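> Encoded as structure tokens, here's the structure I'll be asking about.
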Amino acid sequence: MNLKEQSPLQRCMSNLRKYKMLYFISLPGIIYFIVFKYLPLLGSVMAFQNYNIFKGFSGSPWAGLDHFKRMFTYPEFLRILGNTVLIGLYDLLLAFPVPIIIALLLNEVRKGIYKRVLQTVVYLPHFLSWVIIGGIMIGILSPTTGIINQILNTFGLKSIYFLGEDSYIRSILVGTGIWKDSGWGTIVYLAALASVNPELYEAARIDGASRWKQTIKITIPVILPTITIMFLLHIGNFLDFGFERVFVFVNALNESKGDILDTYIYRVGLIDQQYSYTTAIGLFKSVVGLLLIMLGNTLSKKTSGEGLY
């Protein structure tokens, strides 16, 4: 029977038989996503219930949209949502371009040994947990023994209690994130740079183009599709700034500007046991992320022709 004459079910079974080893190899990944990604989605029903841990999903009374109404009428939630959006914007504007810049700079290093050493140095912080990063930064920013305040004291300036004032917490959160993860983020861009045809650079040099012109006219346009994909993935996690990243730095003195949705969910959901309310917040975050990806993908397809789908 011709392939075009087969029904969709027949074509599916034919592909399963033909590529059975590939499907078998991918089976652990498929099971992982089903168990840890798709099945937990059933728990989203808690957002529409007054969930009782002893009665379960079937015995808990329905609450409709009450928890969503509470979100947008509760002043504390609106303040924390504003913190999350502002920190997310800072991270998008300041942290997202850094791996691209580092990758472009590393691409210009011609000595192989220097390039490998620099790559190792910028990669290393990624393998440290946020607890260790937090301990390092708290030591550096200490008002008594921190190196930054010691430098300020050397110039006759007063010590600054960086973690005791809410005006510094957002800069600390974004800055430590850049230090920890920007080196790891260069891996994707370095892989994209490796695909650039060297003949393009050679032709540009013959035409008298400087290294800067080569970067602007050749390198960036070639890796632009990769930058677009990474940007769309980044905005999809716009409200997921990271619990550990904030929890190690936030305290009673700076939480007015450092408290975000993830730490609020931990405090209200796990400690105060308001499961339905925090499930509604989590569902809200997921919907916002989905809408941002769809909007960003549509704009990207219209402007550059590249997108996630």
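> Would you work out which of Leu233, Ile53, Gly139 lies farthest towards the positive end of the dipole of the chain, given +1 charges on the beta-carbon of Lys and Arg and -1 on that of Asp and Glu, about the Cα centre?
Checked the options; the winner is Leu233.
> May I ask you to list the aspartates and glutamates whose Cα is less than 20 Å away from that of Lys115, ignoring any residue fewer than eight positions away on the same chain?
In chain and number order, the partners are Asp181.
> Still on this structure, please answer the following. Name the residues whose placed amide hydrogens come within less than 5 Å of the amide hydrogen of Gln49, ignoring near sequence neighbours (fewer than 5 apart) on the same chain.
Under 5 Å from the amide H of Gln49 lie the amide H atoms of Ala63, each far enough along the sequence or on another chain.
> Using 0.36 nm per residue, how much length does the chain from Leu124 to Asn251 gain when fully extended, once their Cα-Cα distance is taken away?
The span from Leu124 to Asn251 would gain 43.0 nm if fully extended.
> In what order do Val188, Val250 fall by count of nearby beta-carbon atoms within 10 Å, going from fewest to most?
Least crowded to most crowded, the residues run Val188, Val250.
> Which of Val117, Val287, Val222 moves most in a GNM of the chain, Cα contacts under 10 Å?
Val117
> Give the lysines reachable from Lys18 as a straight Cα distance under 26 Å; neighbours fewer than 8 places away on the same chain don't count.
The qualifying lysines are Lys4.
> Now, a different point. Taking H placed 1.01 Å from N in the peptide plane, check which residues at least 5 places from Gln274 or on another chain put their amide H under 5 Å from its amide H.
Counting only residues 5 or more places away or on other chains, the set is Gly269.
> Also, I was wondering about something else. Could you give the nm distance between label points at Met71 and Leu295, where each point is 7 Å from its Cα heading toward the beta carbon?
If labels sit at Met71 and Leu295, their model points lie 1.5 nm apart.
> Same structure again: Please check: in the Gaussian network model of the chain (C-alpha springs, under 10 Å), which one of Ser26, Ser276, Ser159 has the largest mean-square fluctuation.
Ser26
> Now for a separate question. Have a look at Ile101, Ile178, Ile34 and tell me which one the Gaussian network model of the chain (Cα, springs below 10 Å) gives the largest fluctuation.
Ile34
> While we're here: With an 8 Å Cα cut-off and a minimum separation of 6 or more residues, compute the relative contact order for segment 30-84 in percent.
22 percent
Every number in this text was worked out from the coordinates using simple rules, so none of it is lab data. Here the structure is a predicted model, which means the values were calculated and not measured. Note: ideal-geometry Cβ built from the backbone for every residue, glycine included; neighbour counts use all protein chains shown.
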